[in-house]
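The values are calculated or read from the model by the stated rules, or taken from the named source; none is laboratory data. Note that the structure is predicted; figures quoted are calculated from it, not measured. Cβ placement follows ideal geometry from the backbone for every residue including glycine, while neighbour counts extend to all protein chains displayed.
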Amino acid sequence: MTFVELEQTSHKYPIVLYDGFCFLCDKTITYLIDIDKERQLRYHTLESQNTKPDTVQLFYKGQIYERSDVLVEIAKILKSPSFIMRMIKYIPKSIRDLGYRIIAKNRYRIWGKSETCLIPQPDIQQLFLHLSQKK
């Protein structure tokens, strides 16, 4: 999917761009799928965009959010986000982003790195835009 196609799709669905080889990122995506009962979010790996996967991004209505702002925006989008996701907006952005940068910098060392991207079950595969483009 090209950047222009992602931008167009972002007006219909919020798109989470993530590091497909990071175990922490995979767990986070799995968690988001579990709490997104209305299937509003879509997912796309940063690697498939030839982008260095150094930060999670949310592409929504043509705007790109990064780092901790992604969780703040997702909490606004989802009807029933977790308590922590609802509360994170009250933490100052500079502190949220510092925490994000520390976790992001150490994510492979702490949680590990996969040799392949997350392969979703068939019932949720349509949520992964980088997979649907290969059909």
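Among the residues of the range 84-135, which ones are among the aromatic types (Phe, Trp, Tyr) and in contact with a helix residue (DSSP H, G or I) (Cβ under 8 Å, 6 or more places away or on another chain)?
Here is the first cut: in the range 84-135, the residues among the aromatic types (Phe, Trp, Tyr) are 90, 100, 108, 111, 128.
Hits for the range 84-135 are Tyr100, Trp111.
Taking the range 73-88 on its own, how many of its residues are touching a residue at least 24 places away in the same chain (Cβ under 8 Å) and either in a helix (DSSP H, G or I) or of a type in the set (Asp, Glu) (or both)? Even if it seems obvious, please write down each step before you answer.
Looking only at the range 73-88, we keep the residues that are touching a residue at least 24 places away in the same chain (Cβ under 8 Å), and these are 73-74, 77-82.
With the extra rule that they be either in a helix (DSSP H, G or I) or of a type in the set (Asp, Glu) (or both), the set shrinks to 73-74, 77.
Here the count works out to 3.
Looking only at the range 109-127, decide whether some residue is of a type outside the set (Phe, Trp, Tyr), assigned to a strand (DSSP E or B) and touching a residue at least 24 places away in the same chain (Cβ under 8 Å).
Step one: list which residues in the range 109-127 are of a type outside the set (Phe, Trp, Tyr), which gives 109-110, 112-127.
Still in the list and also assigned to a strand (DSSP E or B): 113.
Narrowing the set further to residues that are touching a residue at least 24 places away in the same chain (Cβ under 8 Å) leaves 113.
Looking for residues that are of a type outside the set (Phe, Trp, Tyr), assigned to a strand (DSSP E or B) and touching a residue at least 24 places away in the same chain (Cβ under 8 Å), one finds at least one in the range 109-127, hence yes.
Please work out which residue is surrounded by the most Cβ atoms within 10 Å (Cβ to Cβ), limiting yourself to the range 1-16 and to residues that are touching a strand residue (DSSP E or B) at 6+ places or on another chain (Cβ under 8 Å) and assigned to a loop (DSSP other than H, G, I, E, B). Give the derivation first.
Looking only at the range 1-16, we keep the residues that are touching a strand residue (DSSP E or B) at 6+ places or on another chain (Cβ under 8 Å), and these are 1, 6-7, 9-10, 13-16.
Subsequent filtering for residues that are assigned to a loop (DSSP other than H, G, I, E, B) retains 1, 10, 13-14.
Details: Met1: 15, Ser10: 18, Tyr13: 17, Pro14: 23.
Per the stated criteria, the residue is Pro14.
Tell me, which residue of the range 41-57 that is closer than 16 Å to Pro120 by Cβ and modelled with pLDDT of 90 or more is surrounded by the most Cβ atoms within 10 Å (Cβ to Cβ)? Show your work before the answer.
Of the range 41-57, the ones closer than 16 Å to Pro120 by Cβ are 41-45, 47-48.
The next check asks that each one be modelled with pLDDT of 90 or more; those that pass are 41-44.
Values: Leu41: 20, Arg42: 22, Tyr43: 22, His44: 24.
Only one residue fits best here, namely His44.
Just to be sure before I move on: is Ile84 of a type in the set (A, V, I, L, M, F, W, C), closer than 25 Å to Asn106 by Cα, at pLDDT below 90 and surrounded by fewer than 16 Cβ atoms within 10 Å (Cβ to Cβ) in the structure I sent? Before you say what the answer is, go through the steps one by one.
Working: of a type in the set (A, V, I, L, M, F, W, C): yes; closer than 25 Å to Asn106 by Cα: yes; at pLDDT below 90: yes; surrounded by fewer than 16 Cβ atoms within 10 Å (Cβ to Cβ): yes.
In short, yes.
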